[in-house]
Amino acid sequence: MNINFTIATSEEELQQIITLQRKNLTASISTNEKQKEGFVTVQHDIEVLKKMNDTQAHIIAKSGDTVVGYALSMVKEFQNEIEILKPMFAKIDEILNPTTTYITMGQICIDKAYRKQGLFRGLYQTMKKELSKKYELLITEVAASNTRSLQAHYAVGFSDLLVYTSNDVIWHIVQWDWQ
């Protein structure tokens, strides 16, 4: 398997991210698959995804010309673009020192055929390599019910910053301190 970890640079790569995302949304997979494989919650449109990428490039894993995994980069300025993420940003603002520099990982997803092959860790290591000089922390949010994703985040080096409930969902805001 020859996987290249890099940043997204083309509209075609962004379209492939959207396609992979749609295949893994909670509405697209069974309850059993959600528990076994994990899932993604937010559906982005191409305009917002492109704006996010133009501000801070997304990290992707490619097999040849095909995007087989991604970790979305989301700076604080996008906190009002996606409704479901507003509570997370409000909580971050409440607990973090305002001088702390951070970026949020807006979503991570790996094609089913490429799971359990180190892509999750590779995406995050590439994100750290690309962004750790600019930001002190990487922060993301994982639904408590997404146990596979939560455990994978802990294994990479994330720790809980806060656990809270919003719209009857328990969320873990997790941080990876790069300093």
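The values are calculated or read from the model by the stated rules, or taken from the named source; none is laboratory data. Everything numeric here is computed off the predicted structure, so don't read it as measured data. In this analysis, Cβ positions are derived from the backbone assuming ideal geometry, glycine residues included, and neighbour counts consider all displayed protein chains. These accessible areas exclude ligands, DNA and RNA; they are computed on the full protein's heavy atoms, side chains included. Shrake-Rupley method; radii C 1.70, N 1.55, O 1.52, S 1.80 Å.
Of the conditions (1) modelled with pLDDT of 90 or more; (2) closer than 23 Å to Gln179 by Cβ; (3) of a type outside the set (S, T, N, Q), Glu77 fails just one. Which one is it?
All conditions are met except number (1).
Out of the residues in region 39-48 meeting the condition of being open to solvent by 30 Å² or more (accessible area, probe 1.4 Å) and touching a strand residue (DSSP E or B) at 6+ places or on another chain (Cβ under 9 Å), tell me which one is modelled with the highest pLDDT.
Among residues in region 39-48 that are open to solvent by 30 Å² or more (accessible area, probe 1.4 Å) and touching a strand residue (DSSP E or B) at 6+ places or on another chain (Cβ under 9 Å), the one modelled with the highest pLDDT is Gln43.
Quickly run through region 101-122 and pick out the residues that are in a helix (DSSP H, G or I) and open to solvent by less than 30 Å² (accessible area, probe 1.4 Å).
Leu119, Gly122
Does region 141-150 contain at least one residue that is in a strand (DSSP E or B), crowded, with 16+ Cβ neighbours inside 10 Å and of a type in the set (D, E, K, R)?
Checked against the condition, which is being in a strand (DSSP E or B), crowded, with 16+ Cβ neighbours inside 10 Å and of a type in the set (D, E, K, R), region 141-150 yields at least one hit.
Can you tell me which residue among Lys51, Lys36 is modelled with pLDDT under 90 and either basic (Lys, Arg) or surrounded by fewer than 16 Cβ atoms within 10 Å (Cβ to Cβ) (or both)?
Just one listed residue meets the conditions, Lys36.
Residues in region 54-66: is at least one in a helix (DSSP H, G or I), closer than 25 Å to Gln151 by Cα and open to solvent by 40 Å² or more (accessible area, probe 1.4 Å)?
Scanning region 54-66 turns up no residue that is in a helix (DSSP H, G or I), closer than 25 Å to Gln151 by Cα and open to solvent by 40 Å² or more (accessible area, probe 1.4 Å).
Pairs under 7 Å by beta carbon, first residue closer than 15 Å to Ser73 by Cβ in region 109-126, partner assigned to a helix (DSSP H, G or I) and among the β-branched types (Val, Ile, Thr), six or more apart or different chains?
Filtered contacts from region 109-126: Tyr124/Val156.
Scanning region 70-100 for residues that are among the hydrophobic types (A, V, I, L, M, F, W, C) and in a loop (DSSP other than H, G, I, E, B), which turns out nearest to Gln21 (Cα to Cα)?
Ranking the candidates gives Ile82 first.
Kindly evaluate Lys51 against the criterion of being touching a residue at least 60 places away in the same chain (Cβ under 8 Å) and of a type in the set (Lys, Arg).
Against the criterion (touching a residue at least 60 places away in the same chain (Cβ under 8 Å) and of a type in the set (Lys, Arg)), Lys51 does not qualify.
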